[in-house]
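Here's the structure we're looking at; comments come further down.
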Amino acid sequence: MHANLIRKMRNANQSKCRRIYQPHIRIEIDDIRDVPVVYVDGKRRFSIDTDEPLASLVYDWHTDEGQEVRKSLDVEYYDLKAMQVVRQTVSNMYRS
């Protein structure tokens, strides 16, 4: 009985997580000293050629061991129009 309840709760949680928009992200790094090239949904973002050059990129991923753990990608970029640093987080738990 408890196993069925746990299974139902996991399925419900997975369904909720699937409803959160998860963009397709590709990161290219040719040399560790270079600025990474970041593509979001097939479009190059955070490039020197745009108004949003990349400032920081942090990718945090760990293997799930018995329960789902947070996985996230934090991107900071310069918004040259607004003259400020903007931070965006994409996570399996939430998106900001």
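The values are calculated or read from the model by the stated rules, or taken from the named source; none is laboratory data. It should be emphasised that the depicted structure is a prediction, and the values quoted were computed from it without experimental measurement. So basically every Cβ, Gly included, is an ideal-geometry build from the backbone, and we count neighbours across all protein chains shown. Areas reflect the complete protein model, heavy atoms only, side chains present, ligands, DNA and RNA absent. Shrake-Rupley method; radii C 1.70, N 1.55, O 1.52, S 1.80 Å.
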For this session: Please find, within region 56-73, the residue that is farthest from the chain's Cα centre (by Cα) out of those that are surrounded by 15 or more Cβ atoms within 10 Å (Cβ to Cβ) and outside any loop (DSSP other than H, G, I, E, B).
Result: Leu57
Problem set entry | Condition broken by Val90, with the remaining ones in (1) without any contact (Cβ under 8 Å) to a residue 60 or more places away in the chain; (2) in contact with a strand residue (DSSP E or B) (Cβ under 6 Å, 6 or more places away or on another chain) satisfied | (1)
Exercise. Glu76 versus (1) acidic (Asp, Glu); (2) assigned to a strand (DSSP E or B); (3) open to solvent by 100 Å² or more (accessible area, probe 1.4 Å): which is the lone unmet condition?
Worked result: (3)
